[in-house]
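Encoded as structure tokens, the structure appears first; notes follow it.
Please treat every number below as a calculation from the coordinates, not as lab data. Bear in mind the structure is a predicted one, so any value in this text is a computation, not a measurement. Don't worry about glycine lacking a Cβ; one is built from the backbone with ideal geometry, like all the others, and counts go over all protein chains shown.
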Amino acid sequence: MSDSRQGVIACDGFNLQYRIEGEGRPVLVVGSALYYPRCFSGNLRHHLKLAFMDHRGFAPGNACPDKSQYALPLLLNDIERVRSELGLGQVTILGHSGHGFMALEYAKAYPQNVSHVVMLNVAPDYSPAGHAAAERYLDESVCPERKALLAQNMAKLPAAIAAAPDKAFVTYCLLTGPKSWFDPTFDASHLWQGVETNMTMFDHVWGEVFRDIDITRGLDALDRPVFLGLGRHDFLVPPPWRWEAVREKFRDLTIRVFERSSHAPFLEEPALFDAELLGWLNR
């Protein structure tokens, strides 16, 4: 039967929103319980029970400035708390962009509660070398309209962040749209409507934890299949070839690169994305 629930689960003083939609095997989507339900297709909800959850960086009303509260083990514990309280049983854990790291590390920490791992539009790390590769990938691509729009937006970025520093993460995501959407003119503001962010969390986790992460640690013990979905025109994160250095360390890794997508193939090519994901899960 189709499940449709929403609410809040308190984790150490952080109120994590959740939203459950659809029917079928449970997929726990880590990130924002407001943003991500707007991104996945209605068709997918006929096959999967999608449980969207906030992490602490998206928890409404969160003004905590203590970065120790955003340590990765705490974030993983929150995922487990939500999974358990929602009674989801064994789940497919899904993370997009930096949340892909959270999904993989959760599977390592709680393998008994995971059947499959889905990582979307993420690189093996967010190191300086990786970001430099992303800049080269864009610079060497022949896409003058994309580059012109990006330059215009980047000129606006400092003033936009200064005007609303608490919204710096969302502002950055919106103004880097030419890097992250196949259509460089796409306006993603409706996806972010009502989403709150804590910049201490994002600065620490994206700027430090994911910069230094070693995803190969513990991979030898992970026997769950992993699906890695990437976009050919994704210039927001390091390019797909960065995975060559680590792909052989996975026991069971399936990579799919979507040709007419950037940073969100589930929204940009939903029919193809749904077919690839469901086909992989059913295999």
**Report entry** Net charge dipole size for segment 40-86 [Lys, Arg +1 and Asp, Glu -1 on Cβ; Debye, nearest 20]
**Finding:** 160 debye
Report task. Filter the cross-link list Lys179/Lys249; Lys67/Lys167; Lys49/Lys179 down to pairs whose alpha-carbon distance in this structure exceeds 27 Å. Result -> Lys179/Lys249; Lys49/Lys179
Report summary line: The rounded separation in angstrom of the Cα centers of segment 109-145 and segment 198-233 is 9 Å
Report summary line: Per-residue ellipticity at 222 nm attributable to helices in the chain (runs of n ≥ 4 DSSP H, -39500 (n - 2.57) apiece, nearest 500 deg cm²/dmol) works out to -9500 deg cm²/dmol
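State, as an integer percentage, the relative contact order of the chain based on alpha-carbon contacts under 8 Å between residues 6 or more apart.
Once normalised by length, the contact order is 20 percent.
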Query raised in the report: Tell me, which longest segment in the chain has none of the GluC sites (Glu not before Pro) that fall in DSSP loops with at most 11 further Cβ atoms within 10 Å?
Result: 1-139
Query raised in the report: At what distance in nm do the modelled label points of Ala132 and Trp206 sit from each other, each positioned 7 Å from its Cα along Cα→Cβ?
Result: 2.2 nm
Query raised in the report: Along segment 266-282, what does the Karplus equation 6.51 cos²θ - 1.76 cosθ + 1.60 (θ = phi - 60°) give for ³J(HN,Hα), rounded to whole Hz, x for Gly and Pro?
Result: 5, 9, 7, 9, x, 5, 5, 4, 4, 5, 5, 5, 5, x, 5, 4, 6
Requested in this report: Among DSSP beta bridges lying fully in segment 1-127, give the percent that are antiparallel, nearest 5.
Outcome: 45 percent
Query raised in the report: Let a ≥ b ≥ c be the square roots of the eigenvalues of the Cα gyration tensor of the chain; is it rounded (a/c under 1.5), or, if not, prolate (a/b larger than b/c) or oblate?
Result: rounded
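If you count the DSSP beta bridges with both ends in the chain, what percent of them are antiparallel, to the nearest 5?
35 percent
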Query raised in the report: If you find the alpha carbon centre of segment 1-64 and of segment 245-267, how far apart are they in angstrom?
Result: 23 Å
